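The following block contains the structure, expressed as structure tokens.
The values are calculated or read from the model by the stated rules, or taken from the named source; none is laboratory data. The model shown is predicted, which means the values in this text are computed figures rather than measured ones. Note: ideal-geometry Cβ built from the backbone for every residue, glycine included; neighbour counts use all protein chains shown.
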Amino acid sequence: MTQLLPLVDGIPPVRGKRGRPIRRPLAVQGDRAYHSRRHCRELRKRGIRPILARRGTAHGSGLGKTRWVVERTQSWLHCNRRLRVRYERRADIHEAFLTLGCIKICHDALKGSFC
């Protein structure tokens with residue numbers, strides 16, 4: 001939860017249509033660990049709408065309807081033992097295996113089978 005703001009600030013520009021590239025997302029989703037007044041205030045200062053589950057509220061905030069895409073993809077990446085437990089010390093080697101895992105996911109999606 002201490003890395004939310006550096007993560008948002010580290011987002012690279014998104015290229016697309018002509019003109020100035022988009023630097024920040026319109027909204028950020030997160031679970032209860034990320035909810036605090038400070039985080040919400042800082043995200044709003046950056047022009048980002050915080051969609052964070054409040055602490056102390058019952059489950060069923062509705063965030064799972066869109067967050068499952070991220071959880072599902074991480075689950076598919078963890079089918080590869082080398083990505084489940086990080087053995088590499090060098091970030092470039094780990095990123096290479098992560099890229100290979102993403103290629104495998106795309107290949108399996110086109111083929112119609114996962115893991």
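Limited to region 81-91, what total is found for residues that are part of a helix (DSSP H, G or I) and more than 19 Å from the chain's Cα centre (by Cα)?
2
Filter region 45-72 for residues that are assigned to a loop (DSSP other than H, G, I, E, B) and at pLDDT 80 or above; which is surrounded by the most Cβ atoms within 10 Å (Cβ to Cβ)?
I48
Would you check which residues across region 92-115 are part of a helix (DSSP H, G or I) and touching a Ser or Thr at 6+ places or on another chain (Cβ under 9 Å) and list them?
If the condition is that a residue be part of a helix (DSSP H, G or I) and touching a Ser or Thr at 6+ places or on another chain (Cβ under 9 Å), then C102, I105 are the ones that fit.
Applying the selection to region 1-43, what residues are within 22 Å of T66 (Cβ to Cβ), without any contact (Cβ under 8 Å) to a residue 12 or more places away in the chain and part of a helix (DSSP H, G or I)?
The one that is within 22 Å of T66 (Cβ to Cβ), without any contact (Cβ under 8 Å) to a residue 12 or more places away in the chain and part of a helix (DSSP H, G or I): L7.
May I ask you to verify whether A33 is under 19 Å from the mean Cα position of the chain (by Cα) and either at pLDDT below 85 or over 30 Å from H107 (Cα atoms) (or both)?
For A33, the condition - under 19 Å from the mean Cα position of the chain (by Cα) and either at pLDDT below 85 or over 30 Å from H107 (Cα atoms) (or both) - is met.
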